[in-house]
């Protein structure tokens, strides 16, 4: 009976260790991480152009997200009561949406900067003397 319990405990420990190692191996990459990986291996002009296009697309999607959040913040502010102006700014309606929109716009600017960098790298590779 005790031996059976030990075997079950060992099986549970082994399954837990195996499960955690599989979970670590199957990490989900964010869009920014995927773009960074593509950018790290880009060597040719075509690859740099693809990375620049991907960064531009990501920047456009972040801008759309920022516009959506700004619209949501405006909608929340319309239901604001007249005497709630005394509340702390972080408790006002739409505060978190505006913060998220600002963060998305900042990330979009960073993506555009990276897109320009890769577009310049592609142009430099194309225009390099052979």
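Derivation of every value follows stated rules applied to the coordinates shown; laboratory data play no part. Bear in mind that the values here come from a model prediction, so they are computed numbers and not experimental data. In this analysis, Cβ positions are derived from the backbone assuming ideal geometry, glycine residues included, and neighbour counts consider all displayed protein chains.
Observations, loosely collected:
- Protection proxy ranking of 33-41, 94-102, by the mean of other Cβ atoms within 10 Å over each peptide's residues and highest first, is 94-102, 33-41.
- Relative to the current alpha-carbon distance between residue 60 and residue 95, full extension at 0.36 nm per residue lengthens the span by 10.3 nm.
- By the count of other C-beta atoms within 10 Å, a proxy for reagent exposure, 57, 107 are ordered fewest to most as 57, 107.
- Two-decimal log10 I(q)/I(0) for region 28-127, as the Debye equation yields it once each C-alpha is a single scatterer, q = 0.10, 0.11, 0.24 Å⁻¹: -0.41, -0.46, -1.12
- Sites residue 126 and residue 31 - FRET efficiency at Förster radius 30 Å, r taken between beta-carbons, to 0.05: 0.65
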